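Readers should treat all values here as calculations from the given coordinates under stated rules, not as data from a laboratory. These numbers come from a predicted model, not from an experiment. All Cβ positions, even for glycine, are placed from backbone atoms using ideal geometry, and neighbour counts span all protein chains on display.
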Amino acid sequence: MKLTLDSLAPHLGKKLLPAYLISGDEPLLTGEAADAVRAGARAAGFTEREVHFLERGAGWDDVRASAANLSLFGSRKLLEVRLPSGRPGAAGAAILVSLIERGDPDTVLLILTPRLDREMQAAKWVKAVEAHGAWVPVWPVEAGRLVAWLRERCRRAGLELTGEALALLAERTEGNLLAAHQEIEKLRLLAPAGRIGADAVLAAVADSARFDVFRLLEAALEGEPERVLRVLSGLRAEGIEPTLALWGLNKALRDLWGARGQPAGQIRVWQRQSAALEKAVRRAPRLSFSALSLRAARADRMIKGRLRGDPWDEMALLAADLCARPAVPAPRSMIK
């Protein structure tokens, strides 16, 4: 079966399956999901825990031996397998399938991996987990859901933040849920009782936002100029190569061009990008794709040193144009 983060805890309160797979690139959420499985196993009497860090094709004999050996006191065990690459290799995959299908009542298998691509999701060992256990794919919290996510986390911590305070907390921790969790704990210790306003957040919460090229792509499609410029500025401050940032904006432009006039269900994009692309399609009639392409080409020439100017400034103009909020008119021709 496949579970979500929200359905995992209720499931563990009812039964424990022989195998669990937790995959994702969000450390806070994957860590909390793994902790929930560990706690469920302990409550069910699986008091022993063994952890194996495995690279492709290495160390799998130890995993098989561990699963076959009972401890001296006959205690039930949680066998934890961590796959940093998400790819166990042929030998590892065969061992995983064997362990999962065997269904040893004295062993619970917990597999931790990064986000699995489409090829890995179709692997036989993943299908075995779905058939005999549970797979919990963990996705990042999208920008549009971050305020609601923070509100719920604050409620669990006994905090009540104003709308302005939540918006400020989201802005300062976007893309860094570990920092968000730490800042909520800090507010619980430092902020006075009662409702917490923006001033308290401003005084207590550091700017720990982290961005990547995919957040830039998503922000550009969302059409929020303030956010996309903040993400672009954050990438520049973190030392991201301008070529990568331009790739994100170019991909947003290409995806939008290809999505015009297509039924929503037939547009193939990343799951986290689909809602943003739908918004972009609605404003597509107001965009000049020739002008957008010209902006992108100018930025590329600046990166390569073939045109004078700052490529980051040109990308900021491109981002504003993609949001249908142009800052200055696009030039009519390339400057040689």
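For the stretch 213-322, what is the convex hull volume of its Cα atoms per residue in Å³?
On the way: hull volume 9.8 nm³, N = 110.
Value for the stretch 213-322: 89 Å³ per residue.
Could I have the simple spin-label model distance between Glu142 and Arg82, label points 7 Å from Cα toward Cβ, reported in nm to one decimal?
3.1 nm
Give me the aspartates and glutamates in straight-line cross-link reach of Lys186: C-alpha distance below 15 Å, same-chain residues under 8 apart excluded.
Cross-link targets: Glu160, Asp199, Asp207.
Any chance you could list P(r) for the stretch 5-137, counting all Cα-Cα pairs in 5 angstrom bins from zero, rounded to whole %?
2, 10, 23, 25, 22, 12, 4, 1, 0
Straight-line reach from Lys124: which aspartates and glutamates have a Cα under 15 Å away, not including same-chain ones fewer than 8 places off?
Glu101
Computed from the mean reciprocal separation of all distinct C-alpha pairs, what Kirkwood hydrodynamic radius does the chain have, in Å? Kindly include the intermediate steps, with their values, before the conclusion.
Details: mean 1/r = 0.0438 Å⁻¹.
Averaging 1/r across every pair of different Cα atoms and inverting gives 22.8 Å.
What are the radius of gyration and Dmax of the stretch 120-200, computed over its Cα atoms and given in Å?
17.2, 53
On C-alpha positions alone, give me the angle between the axis of helix 27-43 and the longest principal axis of the chain, in degrees, nearest 10.
Taking Cα atoms only, the helix is inclined about 20 degrees.
For the residues Lys14, Lys77, Lys124, Lys251, what sequence is obtained by ranking on other C-beta atoms within 10 Å, fewest first?
Working: Lys14 7, Lys77 21, Lys124 11, Lys251 18.
Listed from fewest to most nearby Cβ atoms, that is Lys14, Lys124, Lys251, Lys77.
How would Phe46, Phe214 line up from fewest to most surrounding beta-carbon atoms within 10 angstrom? Write down the numbers at each step before the final one.
Working: Phe46 19, Phe214 15.
Ascending Cβ contact count within 10 Å gives the list Phe214, Phe46.
Mind pulling the angle between the C-alpha long axis of helix 242-259 and the longest principal axis of the chain? Nearest 10 degrees, somewhere in 0 to 90.
Relative to the chain, helix 242-259 is tipped by roughly 90 degrees.
How much FRET efficiency would the formula 1/(1 + (r/R0)^6) give for Ala43 and Thr4, where r is the Cβ-Cβ distance and R0 is 30 Å, rounded to 0.05?
Working: r = 21 Å, r/R0 = 0.70.
With a Förster radius of 30 Å, E is 0.90.
Quick one: compute the contact order of the chain, relative version, from alpha carbon pairs under 8 angstrom and 6+ residues apart, as a percent. Don't skip to the end; give the middle numbers.
Details: 482 pairs, mean separation 49.3, N = 336.
Relative contact order comes out at 15 percent.
Let's test the formula: R0 of 25 Å, r as the Cβ-Cβ distance of Arg286 and Ser233. What FRET efficiency results, to the nearest 0.05?
Numbers: r = 25 Å, r/R0 = 0.99.
Taking R0 as 25 Å, the efficiency between Arg286 and Ser233 is 0.50.
In nm, to one decimal, how far is the modelled label at Lys15 from the one at Trp149, with both set 7 Å along Cα→Cβ?
For Lys15 paired with Trp149, the spin-label model returns 3.0 nm.
Under a 10 Å cutoff between Cα atoms, tell me which one of Asp117, Asp104, Asp35 has the largest fluctuation in the Gaussian network model of the chain.
Residue with maximal mean-square fluctuation among Asp117, Asp104, Asp35: Asp117.
Helix 143-156: angle to the longest alpha-carbon principal axis of the chain, degrees 0 to 90, nearest 10?
Rounded to the nearest ten degrees, it is 50.
Please rank Leu189, Leu318, Leu112, fewest neighbouring Cβ atoms within 10 Å first, as an exposure proxy. Could the numbers behind the result be given before it?
On the way: Leu189 7, Leu318 31, Leu112 22.
The most exposed by this proxy come first: Leu189, Leu112, Leu318.
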